[in-house]
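Comments concern the structure below.
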Ligand code: CA
């Protein structure tokens, strides 16, 4: 589960230590020593998670968390607050400002990584490495492989080959099975930042995905919901419109 993490921390030694540990764990890191710097980094690259220090030189981490929650582009980004404060009231205001979790300094790298993992698992389940089995498909995020059960016989697994985008799309749809996603939502969550990608791109990849699933008679699992978007469903297969 390697992701891009933005570290907003004005104390260089702490920032460096956190970045080092996150990189060792396989994550990519972006570093900012103020809210303003963080904002300009976010304008370029949308991170998967923000580690946000409470006490910053410009505005407080609390205020910055509220700003991130107010903007369309960043409102769902997972935020973990870092702070030297230990008062219960502070913890409550951090969570009320929209933070997902709260870590009190000093913390061990191990605790930090465990908290990050827990928040990502909760907020971005499509980034988890858990195998998903649904509707006769078996998707393994670790090996990037999808198998299909032959005639309902689990001992006869056949591999289907998907391109990287189709794989991510299927992984996302299976993670949030039965839920309808708009094209904009899919672009945000599967492609990442969608500023420069057209909605039509989603349709193209959905078509490719269905075409591959068609070879194993599973194309009806990926359904078009007219005027709304797409979903993965093991029910209502007759409603599907190609
Ligand atoms: Ca600070």
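Here, each number is a calculation from the coordinates, and none is a lab measurement. Given the structure is predicted, the values throughout are model-derived calculations rather than measurements. Heads up, the Cβs are rebuilt from the backbone with ideal geometry, glycines too, and the neighbour counts pull from every protein chain shown.
Brief remarks on what is shown
- Virtual spin-label span in nm between residue 72 and residue 121, 7 Å along Cα→Cβ: 3.4
- Between helix 109-123 and the chain: long-axis angle, C-alpha atoms, 0 to 90°, nearest 10: 40
- Note on residue 159 and residue 14: the extension gain reaches 47.6 nm, defined as 0.36 nm multiplied by sequence separation minus the Cα-Cα distance.
- The label-point distance for residue 226 and residue 177, in a model that sets each label 7 Å from Cα toward Cβ, rounds to 2.7 nm.
- Cα centroid separation - the stretch 19-61 against the stretch 217-236, whole Å: 38
- When restricted to Cα atoms, the stretch 88-209 yields an Rg and a Dmax of 18.5, 58 Å, respectively.
- With each label modelled as a point 7 angstrom along the Cα→C-beta vector, the residue 143-residue 129 pair spans 1.4 nm.
- Computed over the stretch 1-104, relative contact order equals 24 percent, with contacts defined as Cα pairs under 8 Å that lie 6+ residues apart.
- Taking the longest Cα principal axis of the chain as reference, the axis of helix 200-214 is set at about 50 degrees.
- Size descriptors for the chain (Cα atoms only): Rg and Dmax, in that order, 20.4, 63 Å.
- FRET efficiency estimate (nearest 0.05) - Cβ-Cβ, residue 24 to residue 88, R0 30 angstrom: 0.40
- Percent breakdown of C-alpha pair distances by 5 Å bin, ordered from the shortest bin, for the stretch 4-127: 2, 11, 24, 27, 23, 11, 2, 0
- Between helix 12-24 and the chain: long-axis angle, C-alpha atoms, 0 to 90°, nearest 10: 20
- Taking 176, 102, 230 and counting other C-beta atoms within 10 Å, the order from fewest to most: 176, 102, 230
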